[in-house]
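Data block below; observations after.
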2 protein chains.
Amino acid sequence: MSQKPNLPQGTRDFGPLVVQQRKYILHTIEAVFKKYGFMPLETPAMEQLNTLSGKYGDEGDQLLYKILNSGDYFKKLAAHQAQAMGHEELDKTILPSFDNSIEHLDAKKSLPFIAEKGLRYDLTVPFARYVTMNRNSITFPFKRYQMQPVWRADKPQKGRYREFWQCDADIIGSESILNEAELIKMYDEVFDKLSLPVIIKINNRKLLSALATYIQAEEHFIAITVAIDKLDKIGQQGVSDILAQTGLSSEQIATILRFLNLSKAADPIAAAEDMLGQIEEGKLGILELKKLQEYIQLLSPINTIEYNFTLARGLSYYTGAIVEVQANIGNFKASIGGGGRYDNLTGIFGMPGISGVGISFGLDRIYDVLEEQKLFPVNLRTNDTKILFCYFDEATQLKAISLCAELRNQGIAAEVFPDITKKIGKQLDYANKLEIGYACIIGETELNSNTLQVKNLFSGEQYPMDITSMINLLQ
Amino acid sequence: MSQKPNLPQGTRDFGPLVVQQRKYILHTIEAVFKKYGFMPLETPAMEQLNTLSGKYGDEGDQLLYKILNSGDYFKKLAAHQAQAMGHEELDKTILPSFDNSIEHLDAKKSLPFIAEKGLRYDLTVPFARYVTMNRNSITFPFKRYQMQPVWRADKPQKGRYREFWQCDADIIGSESILNEAELIKMYDEVFDKLSLPVIIKINNRKLLSALATYIQAEEHFIAITVAIDKLDKIGQQGVSDILAQTGLSSEQIATILRFLNLSKAADPIAAAEDMLGQIEEGKLGILELKKLQEYIQLLSPINTIEYNFTLARGLSYYTGAIVEVQANIGNFKASIGGGGRYDNLTGIFGMPGISGVGISFGLDRIYDVLEEQKLFPVNLRTNDTKILFCYFDEATQLKAISLCAELRNQGIAAEVFPDITKKIGKQLDYANKLEIGYACIIGETELNSNTLQVKNLFSGEQYPMDITSMINLLQ
């Protein structure tokens, strides 16, 4: 009856060391979130499918994990099919003879009858839902952070998992650009604390909108954004080809490329103003970028910022500043965080006109970079145990247990090897494998003496001391 | 297009204060886990259904949340149906005419075609799976803790949720009863730190087994266990009725009740030895209980222990010590934790003969008791912010931002109110609602002076000081 167990594709176990490393990242991020006044929120893993569906585009809908309804979902589905065929009276004896074969079932149309819930796809939509449901008890501006796993039925590959963690900070109910500046400063602080060099790219969606107006191609705004978003991967020629296919003239395309290249100007914002400052949206976008720049200068040196007009961001709900963080070390150049301002996210749930802005840290990608670049602190250990008590027999075991209890009462993490059947060598093996720093072997001599032998397992040295000295050593 | 959002039944959002309260419990538990040498493990929310199915009994199988496969699961199901009907060649043009209507589908048999994954139902089975898959890299005895949500499609009611957290500590690969003693001491320490009075009930499954032998009803062992488990709810008469229906004689039933009542004896273990000490399993169980008692006495006072033979525990995999913790305050007497020794849990995954023992804390029930009994520390706050900077105009806002940045550089959590459009009164409202202790209003005077006015928002008093004094005050 035994089976060889395995894990669902794209999911992972995190053993003791990996959990400690992930906690190191999480605590670093959380400490910064708190220092800037953000408050924690947690939402359930499961959401109603109608909360999630249609919020992430067609591709997103396909990647949603759906949870099977309890009970006999097929019965309900069959009843629905019969009804759809005009047979409102559900006669169970007739029903099976209908031509409602499984082959004919449309997975999409049948979905509500077999699944009504789905797994959280990101933290932003659940946040918007929470704000809408609790608007009367929330103090605005509401600064919340949320660090939880999300699930996407994406094709697993290096750096892409089906269960992964996002760490989000959002401010909702405030239009001040100061929020953008503080969020960018928070990015800078977190990656500085993690000793991870990054580039923080900043742009403003209003400039992209102004650009479309400038070349008289407003109807192609989304296509232009999508094409620009691919620049890193396909280069200028690739972007030009896509834009040409979209129906833009070579003159329009040249103008777009000229705009993108302004990113390399000595003062990109001034250059963009020269080009787009006469257009209403362009004027607004430049104003916002200048204000942001002013605030950022106040927030002491942030060396990692780049105003970059090639940044477009995939999500459609951004309406102002957009930001993306790239690791700037080794081969791993992929995005490890991003965010932006959205003017109407809660509108989908019936609460319009509330502006918000937020950033997200991709825990798993940050982990992958730190691991690849060996940037984790070397002192991270799988356990907190300071000392292991070893012994030979029943009498010495009892003494070891009492001594260990004394240490624990002083708040010191300590262990007694549990099995009396294992020899001292095996007991010390356990300590060495778990990188426990000290061992104390209780023998005949120690039974009738207050002097204990404490062995440093890294240096091999051994010191005699009483329990009080031991507590002082380990505290 | 707007919709009124809601949450799936039995799930909850946790707003800022509730998250802080839950973290207070989690940190208390985790600190004790670490002090006793346990190491963290995290497993994915999703497991293969064949890992989960059949491990929790029939009822458990029904309560598993199943995740719909991606792609067109109906096509696969139809192909399977056709095959099952002897039509191995799948001719799409013929298929629809088969009598494979939805009504005829058996939800259970069709399951593998529409769902292959499920949500974690507890932390013990994923732990057993992890140990089996990683047996070659694990150092045994392996002491792991795991604090994660689990999901059950149970009927929601007070104290029972569909998403809830378990906090487990298990030692696997050690047969020493010292582990049981330390786990019980850990229960005692955690609830002591939470100031929550509890009773820790201890029994040993071997005694229940010996009891069945004693009354010559070994074939009724499970029925007897199940009946005893209900004693708290249905009383002695109820248990007697069930046992009579099972086919036990009134003499046998009287013996069982006599055994249960030994719990009230001055020395319950000695009393049980008198009764069951001649039976092999009884002798072993008594030996284990005595050893446990000896170890517990070494671990300094634990006042909350009760050797109680009416404790049976639902889960079938326990083979030795069993333990359950009940809140002992107010009306909330329900179980808030439990555990026991299992001799062969990894056997189901092909790794037999490894003994383990573990305990579990029910975070959500502990939360409910602490909340009902008002046992949370009063100083828990939704945020860490020590001071809010308020201002009147652009110039004073810039000064406020600089001052706030100085505090943050010293590690002090501080905020500047973001929106310049809001008057001072509104800004202070924000601080009051979030229970921020201090406010510093930057006006014309402060622009050209090093003296700042710091207002204690609880007392209303205001003190002049420079930034250095402010840092000292808030650090």
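Please give the number of the condition B:Gly57 fails out of (1) buried (at least 17 other Cβ atoms within 10 Å of the Cβ); (2) at pLDDT below 95; (3) over 27 Å from A:Met39 (Cβ atoms); (4) not charged (D, E, K, R).
(1)
Is segment A:401-410 home to any residue that is open to solvent by 10 Å² or more (accessible area, probe 1.4 Å), on the phi > 0 side of the Ramachandran plot and touching a residue at least 60 places away in the same chain (Cβ under 8 Å)?
Scanning segment A:401-410 turns up no residue that is open to solvent by 10 Å² or more (accessible area, probe 1.4 Å), on the phi > 0 side of the Ramachandran plot and touching a residue at least 60 places away in the same chain (Cβ under 8 Å).
Residues of segment B:104-134 being farther than 22 Å from B:Met186 by Cα, assigned to a loop (DSSP other than H, G, I, E, B) and in contact with a Ser or Thr (Cβ under 8 Å, 6 or more places away or on another chain), which ones?
B:Arg120
Would you please name the residue that is nearest to A:Leu276 (Cα to Cα), looking only at residues in segment A:200-257 that are open to solvent by 60 Å² or more (accessible area, probe 1.4 Å) and within 31 Å of the chain's Cα centre (by Cα)? I'd like the intermediate steps shown before the answer.
Going through segment A:200-257, the residues open to solvent by 60 Å² or more (accessible area, probe 1.4 Å) turn out to be A:214, A:216, A:218-219, A:222, A:226, A:229-230, A:232-234, A:236-237, A:241, A:245, A:250-251.
Add one more test, that the residue is within 31 Å of the chain's Cα centre (by Cα), and what stays is A:222, A:226, A:229-230, A:232-234, A:236.
Working: A:Ile222: 18, A:Val226: 20, A:Asp229: 20, A:Lys230: 22, A:Asp232: 23, A:Lys233: 26, A:Ile234: 26, A:Gln236: 21 Å.
Looking at residues that are open to solvent by 60 Å² or more (accessible area, probe 1.4 Å) and within 31 Å of the chain's Cα centre (by Cα), I get A:Ile222.
Can you name every residue in segment B:425-455 that is in a helix (DSSP H, G or I), closer than 24 Å to A:Glu294 by Cβ and either among the hydroxyl-bearing types (Ser, Thr, Tyr) or open to solvent by 30 Å² or more (accessible area, probe 1.4 Å) (or both)? Talk me through it step by step, then tell me what you get.
Our first condition is that a residue be in a helix (DSSP H, G or I); within segment B:425-455, this holds for B:425-433, B:444-447.
Checking the rest, the ones that are also closer than 24 Å to A:Glu294 by Cβ come to B:426-427, B:430, B:444-447.
Answer for segment B:425-455, where residues must be in a helix (DSSP H, G or I), closer than 24 Å to A:Glu294 by Cβ and either among the hydroxyl-bearing types (Ser, Thr, Tyr) or open to solvent by 30 Å² or more (accessible area, probe 1.4 Å) (or both): B:Lys426, B:Tyr430, B:Glu444, B:Thr445, B:Leu447.
Could you count how many residues in segment B:24-41 are within 24 Å of B:Ile171 (Cα to Cα) and open to solvent by 40 Å² or more (accessible area, probe 1.4 Å)?
Kept after step one, since they are within 24 Å of B:Ile171 (Cα to Cα), are these residues of segment B:24-41: B:25-41.
Applying the additional criterion that residues be open to solvent by 40 Å² or more (accessible area, probe 1.4 Å) yields B:27, B:31, B:34.
The number of residues fulfilling the criteria is 3.
Has segment B:166-181 got any residue that is assigned to a loop (DSSP other than H, G, I, E, B) and among the polar types (S, T, N, Q)?
Step one: of segment B:166-181, the residues assigned to a loop (DSSP other than H, G, I, E, B) are B:173-177.
If we keep only those that are among the polar types (S, T, N, Q) as well, we get B:174, B:176.
Yes: segment B:166-181 contains one or more residues that are assigned to a loop (DSSP other than H, G, I, E, B) and among the polar types (S, T, N, Q).
Of all residues in segment A:368-400, which are surrounded by fewer than 21 Cβ atoms within 10 Å (Cβ to Cβ) and in a helix (DSSP H, G or I)?
A:Asp368, A:Glu371, A:Glu372, A:Glu394, A:Ala395, A:Thr396, A:Leu398, A:Lys399
Out of B:Gly314, B:Gly282, B:Gly277, which single residue is crowded, with 18+ Cβ neighbours inside 10 Å and assigned by TED's automatic domain parsing to the domain that holds B:Gly338? Steps first, answer last, please.
Numbers: B:Gly314 fails: crowded, with 18+ Cβ neighbours inside 10 Å; B:Gly277 fails: crowded, with 18+ Cβ neighbours inside 10 Å.
The conditions single out B:Gly282.
Check whether at least one residue in segment B:76-97 is modelled with pLDDT of 95 or more and facing chain A (nearest Cβ under 7 Å), and report yes or no.
Just the residues of segment B:76-97 that are modelled with pLDDT of 95 or more, to begin with: none.
No, there is no match, as no residue in segment B:76-97 is modelled with pLDDT of 95 or more and facing chain A (nearest Cβ under 7 Å).
Scan (1) charged (D, E, K, R); (2) farther than 21 Å from B:Asp229 by Cβ; (3) open to solvent by less than 70 Å² (accessible area, probe 1.4 Å) for the single condition B:Lys290 breaks and write down its number.
(3)
If a residue has to be of a type in the set (Lys, Arg) and more than 30 Å from B:Gln427 (Cβ to Cβ) to count, how many in segment B:344-403 make the cut?
Initially, segment B:344-403 is screened for residues of a type in the set (Lys, Arg), giving B:365, B:374, B:381, B:386, B:399.
Narrowing the set further to residues that are more than 30 Å from B:Gln427 (Cβ to Cβ) leaves B:365, B:374.
Total satisfying the criteria: 2.
Just the residues that are touching a residue at least 40 places away in the same chain (Cβ under 8 Å) and either part of a loop (DSSP other than H, G, I, E, B) or more than 12 Å from chain B (Cβ to nearest Cβ) (or both), please, taken from segment A:411-424.
Initial filter on segment A:411-424 (touching a residue at least 40 places away in the same chain (Cβ under 8 Å)): A:411-412, A:414.
The answer is A:Gly411, A:Ile412.
Return the total of residues in segment A:186-199 being basic (Lys, Arg) and surrounded by 22 or more Cβ atoms within 10 Å (Cβ to Cβ). Show your work before the answer.
So in segment A:186-199, the residues basic (Lys, Arg) come out as A:193.
Among the residues that remain, those that are also surrounded by 22 or more Cβ atoms within 10 Å (Cβ to Cβ) are: none.
Looking only at that region, the number is 0.
Does any residue of segment B:191-199 turn out to be at negative phi and within 13 Å of chain A (Cβ to nearest Cβ)?
Looking through segment B:191-199, at least one residue is at negative phi and within 13 Å of chain A (Cβ to nearest Cβ).
Counting only residues that are open to solvent by less than 60 Å² (accessible area, probe 1.4 Å) and over 24 Å from B:Ala395 (Cβ atoms), how many does segment A:262-274 have? Reasoning before the result, please.
Kept after step one, since they are open to solvent by less than 60 Å² (accessible area, probe 1.4 Å), are these residues of segment A:262-274: A:262-263, A:265, A:268-272.
In the following step, the residues that additionally are over 24 Å from B:Ala395 (Cβ atoms) were identified as A:262-263, A:265, A:268, A:270-272.
Going through segment A:262-274 one residue at a time, the tally reaches 7.
Identify the single condition in (1) modelled with pLDDT of 95 or more; (2) open to solvent by 40 Å² or more (accessible area, probe 1.4 Å); (3) more than 9 Å from chain B (Cβ to nearest Cβ) that A:Ser360 does not satisfy, given that it satisfies every other one.
(2)
Among the candidates B:Thr382, B:Thr346, which residue alone is polar (S, T, N, Q) and within 22 Å of the chain's Cα centre (by Cα)?
Values: B:Thr382 fails: within 22 Å of the chain's Cα centre (by Cα).
Criteria check complete, one pass: B:Thr346.
Would you mind finding the one in B:Arg129, B:Arg160, B:Arg152 that is in contact with a helix residue (DSSP H, G or I) (Cβ under 7 Å, 6 or more places away or on another chain) and open to solvent by 30 Å² or more (accessible area, probe 1.4 Å)?
Working: B:Arg129 fails: open to solvent by 30 Å² or more (accessible area, probe 1.4 Å); B:Arg160 fails: in contact with a helix residue (DSSP H, G or I) (Cβ under 7 Å, 6 or more places away or on another chain).
The conditions single out B:Arg152.
Has segment B:124-137 got at least one residue that is of a type in the set (S, T, N, Q), under 23 Å from the mean Cα position of the chain (by Cα) and more than 10 Å from chain A (Cβ to nearest Cβ)?
Within segment B:124-137 (the criterion being of a type in the set (S, T, N, Q), under 23 Å from the mean Cα position of the chain (by Cα) and more than 10 Å from chain A (Cβ to nearest Cβ)), the answer is yes, since at least one residue qualifies.
The values are calculated or read from the model by the stated rules, or taken from the named source; none is laboratory data. These numbers come from a predicted model, not from an experiment. Cβ atoms come from the backbone with ideal geometry, glycine included; neighbour counts cover every protein chain shown. The protein model used for the area step is the full one, side chains on, heavy atoms only, and it has no ligands, DNA or RNA in it. Shrake-Rupley method; radii C 1.70, N 1.55, O 1.52, S 1.80 Å.
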